[in-house]
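Everything on this sheet refers to the single structure shown next.
The values are calculated or read from the model by the stated rules, or taken from the named source; none is laboratory data. None of the values given here were measured: they were computed from a predicted structure. No Cβ is skipped: glycine too gets one built from the backbone with ideal geometry, and neighbour counts run over all protein chains shown. The area values use the complete protein model at the heavy-atom level, side chains included, leaving out ligands, DNA and RNA. Shrake-Rupley method; radii C 1.70, N 1.55, O 1.52, S 1.80 Å.
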Amino acid sequence: MIEHDADLSGANTLALPARARRLARPTDVAALGELLAGRDPAEPLYVLGEGSNVVLRGDLPGLTVIPAFDGIDYLDESADQVRVRVGAGVVWDRLVADTVARGWGGLENLSLIPGTAGAAPFQNIGAYGVELADCLESVDTVAVADGWAGRFRADQCEFGYRDSLFKSRRRGEFIITGITLRLHRHGARRVDYGGLAERFAGQDPRTLAPATVRAAVIELRQSKLPDPAVLPNAGSFFKNPVVSAAELARLKADYPKLVSFPHPDGAKLAAGWLIEDAGWKGRRLGPVGMHRDQALVLVNHGGARADDVLALAAAVREDVLDRFGVTLEQEPVALP
Ligand SMILES: Cc1cc2nc3c(=O)[nH]c(=O)nc-3n(C[C@H](O)[C@H](O)[C@H](O)COP(=O)(O)OP(=O)(O)OC[C@H]3O[C@@H](n4cnc5c(N)ncnc54)[C@H](O)[C@@H]3O)c2cc1C
């Protein structure tokens, strides 16, 4: 069923006003194939999950697809390993809760990330030292051009930091219909990152249950991040910029307190620290602002439009560039 002139203001966590000219929520590959076959190839096509990582700049012309494929299936279960096939429309944290409740480890650090399983490979979601790519086996897709159903192995997805082939080189070519993960029961949990390192200091990570780590992650996230249902936002608004070792040394000389993390190309700078040091933490510009506790999170205090968001983002980016010579890249995808 296609909805015409659908309201999307409740379908994006920044709560920006926008409408979709035509909106469909296919529940299986056959329905999606039919939808694509019946569409004029010249008509623009957009894909949305829960809208937790998009900036809707205005109304979406053409067809918007929200894949509503359900199902969490446990396959080839052995004493220590399982494969889990998940429909694109499954809410990500429902999946994490389900796997952890069954004692499977791998996704616990990614607890409470908003969004759908289908969107997870798009930007290779990550948190607390773990990325989706660490336990992803494959991604099922349907090609927009001809409705062809295919599968990408994880090593074909060109995963990077908040990046993949779906977000970059072949953007717009595929609709993700499902993912398959490989999870383990035993082994060490990743608790060497940020607040988890403090929380579990001195404990052997091999003795920690996935549920223990999930509970800690949930507590940390709830204490730090604004809930979009209360204060609309899209999570981190900028990616942590990656700089060379020489660039890091230059910055550290001027800003000894600069927070950075190791990265194969040099270092990843904490974008939140840069924004805070540039004076933007808790500062507002019209109806939008950078959050008072999390400078990296841009929030809608009420009634914001896309122009307000883009003006604030530009002002923050300009100040950070002036002060540090570092360019911030927006994380949420701008549509249309
Ligand atoms: C409070 C908050 C905290 C967050 N914390 C984190 C975090 O810790 N780590 C992290 O990585 N992200 C985080 N995010 C960002 C967001 O949760 C993730 O990017 C999530 O994967 C987006 O899922 P979604 O279903 O909402 O996708 P949407 O926002 O609807 O879409 C995002 C992009 O993916 C594309 N897309 C979505 N579904 C599909 C599909 N089935 N096929 C093809 N393309 C698709 C869309 O076209 C769009 O370009 C956070 C967001 C919020 C609001």
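Condition test on P41, is it open to solvent by 50 Å² or more (accessible area, probe 1.4 Å), in contact (Cβ under 8 Å) with a residue 60 or more places away in the chain, more than 10 Å from the ligand (Cβ to nearest atom) and outside any strand (DSSP E or B)? Walk me through how you get there before you give the answer.
Working: open to solvent by 50 Å² or more (accessible area, probe 1.4 Å): yes; in contact (Cβ under 8 Å) with a residue 60 or more places away in the chain: yes; more than 10 Å from the ligand (Cβ to nearest atom): yes; outside any strand (DSSP E or B): yes.
When the stated conditions are applied, P41 passes them.
Please report, ordered by residue number, the strands (runs of 3 or more DSSP E) entirely within the stretch 133-240 with at least 3 residues that are open to solvent by less than 70 Å² (accessible area, probe 1.4 Å) and within 20 Å of E331 (Cβ to Cβ). Explain how you work it out, then say what you get.
Working: elements: 136-143, 149-153, 174-184, 233-236.
Filter on the stretch 133-240 gives 233-236.
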Next on the checklist: Take the conditions aliphatic (A, V, I, L, M), surrounded by 15 or more Cβ atoms within 10 Å (Cβ to Cβ), under 20 Å from G10 (Cα atoms) and more than 8 Å from the ligand (Cβ to nearest atom) and apply them to L95. Does it pass?
Outcome noted: no
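In this structure, does L132 turn out to be under 17 Å from the mean Cα position of the chain (by Cα) and within 22 Å of F166 (Cα to Cα)?
Working: under 17 Å from the mean Cα position of the chain (by Cα): yes; within 22 Å of F166 (Cα to Cα): yes.
Criteria met by L132.
Being more than 19 Å from the chain's Cα centre (by Cα) and not hydroxyl-bearing (S, T, Y) narrows it down to one of A24, A15, A68, so name that one.
Values: A15 fails: more than 19 Å from the chain's Cα centre (by Cα); A68 fails: more than 19 Å from the chain's Cα centre (by Cα).
Of A24, A15, A68, the one residue that is more than 19 Å from the chain's Cα centre (by Cα) and not hydroxyl-bearing (S, T, Y) is A24.
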Checklist entry - Restricted to the stretch 98-118, and to residues that are within 16 Å of the ligand (Cβ to nearest atom) and in contact with a Ser or Thr (Cβ under 8 Å, 6 or more places away or on another chain), which residue is farthest from A234 (Cα to Cα)? => result G106
Checklist entry - Checking L16 against (1) in contact (Cβ under 8 Å) with a residue 60 or more places away in the chain; (2) farther than 21 Å from V288 by Cα; (3) within 15 Å of the ligand (Cβ to nearest atom); (4) assigned to a loop (DSSP other than H, G, I, E, B), which test does it fail? => result (2)
Next on the checklist: Just to be sure I understand the filter: pairs with C-beta atoms under 7 Å, separated by 6 or more residues or on different chains, first member in the stretch 45-57 and open to solvent by 40 Å² or more (accessible area, probe 1.4 Å), second member within 6 Å of the ligand (Cβ to nearest atom) and not in a loop (DSSP other than H, G, I, E, B). Which pairs pass?
Outcome noted: V47/I175; E50/T116
